[in-house]
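Okay, structure first, notes after.
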Amino acid sequence: MLAVMNPHRREFLRSLAAGTAAFGLSRSAFADATPAASKLTDKLTLITGAGNNVVALAGDGGTLLVDCGDAAHAQDVLKLAGNVKTVINTHFHLESTGGNDVMAKAGAKLVSHVNTGLWMTQEVIRDFEKKVFPPRAKEAVPAETFYTTEKATFGGEPIEYGLMPMAHTDGDIYVHFQKSNVLVAGDVVQPGRLPMLEWFTGGWIGGMQEAHRTLLRLADDNTKIVPASGPVLTKSEVQANLDVLTKVREQLVKLLKQGMGAQNMIDAKAMKDFEGQLSGDPEVFIYTAYRGLWAHVRELGGIV
């Protein structure tokens with residue numbers, strides 16, 4: 001269970017005043033941007049331009065971060081956030097956890113779902129990118145992990161965080177700042193993009209749909225929903241993203257039931273109907289989405 005803490009507001013708000021928001025950038029541009037801060041609520045701040053959206057909660061004795069961005073921007077995030085006491089990782093990817101080493105050395109406690117921590121101890125091979133990611137340094141691996149949901153209080157703010165299984169990865173979590181009505185979604189919501197579904201760590205399109213439904217159950221019409229990259233979303237925008245994702249799944253399942261494999265779908269330009277709606281490489285998306293679908297083929301029915 002996350003300990004109760006009181007962040008240092010004066011230092012944090014002084015750094016906030018110097019920052020400006022960096023919304024609407026592509027993932028690569030977002031990663032290259034200069035980190036900047038903008039207010040979400042009186043208590044919560046959004047740090048952008050760090051490789052991944054970072055949400056910070058400040059009080060009188062330190063700061064809690066949800067994700068900490070990539071390694072290249074870790075020192076910048078520290079300058080904006082001040083005395084970081086706790087970092088909650090939404091999943092294990094380097095855009096979200098690359099700064100873990102720096103945060104831990106600065107005295108922060110790292111928290112994640114147990115699967116996120118386990119993946120960080122392993123060599124990860126992304127065949128579709130032809131990349132191999134080595135195990136992380138010991139200090140970068142969260143020392144505090146959980147399985148389903150947890151609750152905590154930080155700076156007087158009640159927080160709930162919980163697993164959204166088999167979505168983008170098998171360790172994705174939401175972090176809900178309940179009083180402030182801010183919901184951090186991580187990479188289970190990837191608006192305007194063909195989603196990255198990491199099939200070899202349990203991700204698949206059905207799990208990503210269910211993650212959207214979880215967020216929608218937690219949100220109301222005034223909730224600010226923060227994805228891993230891009231601007232803050234409303235509940236209706238998350239619903240619209242789920243609607244598009246559902247159509248994408250229907251298209252892929254239809255072709256799967258016709259006996260098509262991944263290359264057949266690529267050759268048939270299965271994502272052509274979504275050009276202009278969703279950016280990204282359709283071949284990479286189909287390659288990864290197909291493998292996730294095949295892992296759940298019995299759930300789809302009518303195929304085997």
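Coordinate-derived values only; no laboratory data. Please read all numbers here as calculations on a predicted model, not as lab measurements. Counting neighbours? That spans all protein chains shown, and the Cβs are built from the backbone with ideal geometry, glycine included.
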Lys, Arg +1 and Asp, Glu -1 on Cβ, resulting dipole of the chain about Cα centre, debye, nearest 20: 260
Residues LYS257 and LYS151, FRET efficiency given R0 of 51 Å [Cβ-Cβ distance, rounded to 0.05]: 0.75
In sequence order, calculated HN-Hα J values of region 289-302 (Karplus, 6.51, -1.76, 1.60; Hz; x Gly/Pro): 5, 4, 5, x, 5, 5, 5, 10, 4, 5, 5, 6, x, x
Percent of Cα-Cα distances greater than 17 Å, calculated over region 61-125: 33
Nonlocal amide H pairs with LYS109, under 5 Å, H built at 1.01 Å: THR86, VAL87
Euclidean distance of C-alpha centroids, region 261-276 and region 176-227, integer Å: 25
Choice from ARG193, ARG217, ARG291 with maximal GNM fluctuation in the chain (Cα, 10 Å cutoff): ARG217
Bridge type composition, region 9-246 - antiparallel percent by DSSP, nearest 5: 70
Of LYS39/LYS138; LYS85/LYS138; LYS109/LYS235; LYS43/LYS224; LYS79/LYS109; LYS131/LYS254, those spanning more than 24 Å from alpha-carbon to alpha-carbon: LYS39/LYS138; LYS109/LYS235; LYS131/LYS254
Computed FRET value (nearest 0.05) for THR121 with ASP220, which takes r as the C-beta separation and R₀ as 51 Å: 0.85
Under-5 Å amide H pairs with GLY186, H placed in peptide plane, nonlocal only: ALA228
Residue with peak Gaussian network fluctuation, the chain [Cα springs, cutoff 10 Å], from LEU194, LEU255, LEU40: LEU255
Proximal charge balance of VAL188 [Cβ under 11 Å; K/R count +1, D/E count -1]: -2
Long-range amide H partners of THR223 with built H, under 5 Å: LYS235
Computed Rg/Rh of the chain, alpha carbon atoms with Kirkwood Rh: 0.97
Pairwise FRET efficiency - LYS131 versus THR34, Cβ, R0 = 22 Å, nearest 0.05: 0.25
